[in-house]
């Protein structure tokens, strides 16, 4: 059986889409070929990596990737999921092939103000919301 291919997209591929990728890989790597990318690739947020490590999920080997790279390679996906805000999701480029497009909006961790501890506290809330959304979606598949 061929794995279902899923792409998670946000603005910089530094936090939300990376967490989605890590959760799908953690819970269903045997069923999904999972990827993430950004409209404009940035750098992986170290506080996101730390928040994921706190719950036993490693993001080793993950890095920010531009969505256009996948599009230029003509890589098809079964699902393309935008995880940024609605207006940014509209900027998401079109991936090749026929796929189901979904939007799961989550707050941007890079917009959280304060000390690293305050930022981490906010990231934990976003992380937990993403985990619940991924788990409920996986249960439907």
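Values in this text are rule-based calculations from the coordinates and carry no lab data. If you're wondering where the values come from, they're calculated on a predicted model, not measured in any experiment.
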| When the Kirkwood radius is taken over all Cα pairs of the chain, what Stokes-Einstein diffusion coefficient follows at 4 °C and 1.567 mPa s, in µm²/s? | 86 µm²/s
| Length added when fully stretched, residue 27-residue 60, from 0.36 nm per residue minus Cα-Cα | 10.3 nm
